[in-house]
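I have placed the structure first, in the form of structure tokens, so that the comments after it can refer back to it.
No lab work stands behind these numbers, since they all come straight from the coordinates. Predicted, not measured: the structure shown is a model, and the values here were computed from it. Counting neighbours? That spans all protein chains shown, and the Cβs are built from the backbone with ideal geometry, glycine included.
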Amino acid sequence: MAASNRDRPIVLIIGAGLTGLLAAQGLKQNGFKAIVVEKEEAIDARPREWTMLVHWAMPIFQRLVPKDILRNLNDALCNPNLQFDAETETLPCYNGVTGELLFSSPTPGARRVSRRRLRALLAGGIDIQWNMSLKDITRTDNGIRADFEGGETIDADYLLGTDGTSSKVREILIGAEKAQPQGSGFLFATGINQYEDAEKTKAIADKHPVAALMMGTSSVGGIGVLSAKDPGDKSTWATFWVKIWRGEPVDLRGREALDYIRTQTAPLRDEFQLAIDWTPDNSYVSVNEMKYWIPVEWDNHGGRVALAGDAAHPMLIYRGQGFQHSITDVDNYVNALLQLHADAGNNLLRADVMDAFDDEVVKRGANAVEQSLCEAEKSLDINTVKQMLMATRGHGK
Ligand SMILES: Cc1cc2nc3c(=O)[nH]c(=O)nc-3n(C[C@H](O)[C@H](O)[C@H](O)COP(=O)(O)OP(=O)(O)OC[C@H]3O[C@@H](n4cnc5c(N)ncnc54)[C@H](O)[C@@H]3O)c2cc1C
């Protein structure tokens, strides 16, 4: 059991995803003690992997992490060997009907990262306790107590729920029914391939050296580079594809998922379809329904408990906004705690400061979740694709 410390407050972070680990780094840098607990057994317990673009929140991310992580950020980049310029810092979107370029979204300063490699980088130097699944939270005289499925207990000054889409912390704060994530009716599939074939890999990378999208038919497609081991030999590279469509919920992995996509979903065209056709049978492939939850006010236990990241606002992946909002949440959270402790906090102040933090997360998060749902609706019809925020406003906030 960790003891409370007024000079160096303890923040217990539930969930070692990107939000929790980034929060731990940001808090540690600012003099707080961060303990991360995670229900999985180890960082690589599950083979889940995807790529994400870090774009408008990149300057905030850079502020939150220590210099050694920034120095090693290339380790997490999908394709670190690129000459980054206006061309590579753009996300092109192709017309699913004609195959022509529909629009390009400029993403200056953005970098596409591997979720798995960024997570490994952010875990460096952080106290993570594995195999700890949160069961309950209670308020104590001086702070907050977390109980875990294995019978363990941890006391802390603050608790930050960063436990993802089906957050247990959220469930405890507002009740199981209200906290339930909603099915969107949009299915998402991804495949990760090492073709071991320079020509096939080149075909994907030639579409765009980072990533490209295709929209406007009953399926959205995406392709790109996941890793570029030997820059001079594309047969050593890994690529990814994604596909989104509207359908009945399924949750499949591996060969079963690949068969489902090939036989039950409408084909894409050009390299977007070839990427799927070429997928070796032993590749990592998954299909599931994207879920969302529109944030509403929660009881923050007198300012002791907060939510951040997908726990606060799980959204669809359109315009790659989820992690940008996680980064913003973490920055605001660190600043709120700094404000509180710089002012030698009392109960009234804590409640005020943390209520304001929550209000902002709820408003910004609800807006982002709703925008992601609207983007999804418009992406499957060529007549509405050009009305998408991605086309009219690009990848900005
Ligand atoms: C395919 C894909 C592409 C994306 N692309 C982009 C993009 O381009 N740009 C962007 O900004 N965002 C993108 N996102 C969104 C982004 O990946 C997420 O917003 C971000 O990773 C959320 O991280 P998280 O830490 O909040 O949640 P998670 O990654 O879900 O982490 C939650 C952690 O909490 C743990 N946990 C759960 N319950 C408990 C419990 N009871 N006790 C202890 N631990 C628990 C889980 O095991 C997990 O490790 C994308 C998402 C996907 C799926």
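Potential lengthening of the chain between THR384 and ASN335 amounts to 13.7 nm, from the contour at 0.36 nm per residue minus the alpha-carbon distance. Summary value for the range 264-325: 28 percent relative contact order, contacts being C-alpha pairs under 8 angstrom separated by 6+ residues.
For the range 99-187, the relative contact order works out to 15 percent when only alpha carbon pairs closer than 8 Å and six or more residues apart are counted. If a spin label sat at a point 7 angstrom from the Cα of ARG246 along the line to its beta carbon, the backbone N atoms of the range 377-392 nearer than 19 Å would be those of 377-390. Using just its DSSP H runs of length 4 or more, each adding -39500 (n - 2.57), the chain gives a mean residue ellipticity at 222 nm of -10000 deg cm²/dmol after division by all residues.
Of the options GLY322, TYR158, VAL285, report the single residue whose Cα projects farthest towards the positive end of the charge dipole of the chain (beta-carbon charges: Lys, Arg +1; Asp, Glu -1). Of the candidates, GLY322 comes out farthest on the positive side.
Rounded to the nearest 0.05, the FRET efficiency derived from the C-beta distance between GLN62 and GLU370 at R0 = 35 Å is 0.75. Which of the DSSP-defined H helices in the chain satisfy a minimum axial length of 27 Å, computed from C-alpha atoms, and a minimum mean Kyte-Doolittle hydropathy of -1.0? Helix filter hits for the chain: 322-342, 347-379. Prolate is the label for the range 15-110. Its Cα gyration tensor axes, ordered a ≥ b ≥ c, give a/c of at least 1.5 and a/b above b/c. Could you tell me whether the range 147-200 comes out rounded, prolate or oblate from its Cα gyration tensor? Rule is a ≥ b ≥ c as square roots of the eigenvalues, rounded for a/c under 1.5, then prolate if a/b exceeds b/c, otherwise oblate. Cα axes put the range 147-200 in the oblate bin. In a simple Cβ point-charge model (Lys, Arg +1; Asp, Glu -1; nothing else charged), the chain has a dipole of about 520 debye relative to its Cα centre. When +1 charges are put on Lys and Arg Cβ atoms and -1 charges on Asp and Glu Cβ atoms, the dipole computed for the range 213-342 relative to its Cα centre reaches about 120 debye. Identify the residues of the range 106-128 with backbone N under 18 Å of a label point that sits 7 angstrom from the Cα of ALA86 along the Cα-to-Cβ direction, or state none. Backbone N within reach: 106-110. Each Cα pair under 8 Å and six or more residues apart adds its separation to the average, and for the range 159-305 the resulting relative contact order is 34 percent.
At R0 = 22 Å, how high is the FRET efficiency between SER133 and ARG8 if r is their beta carbon distance? Nearest 0.05 is fine. With a Förster radius of 22 Å, E is 0.25. Gyration tensor over the Cα atoms of the chain: the corresponding equivalent ellipsoid has semi-axes (square roots of 5 times the eigenvalues, largest first) of 37, 22, 20 Å.
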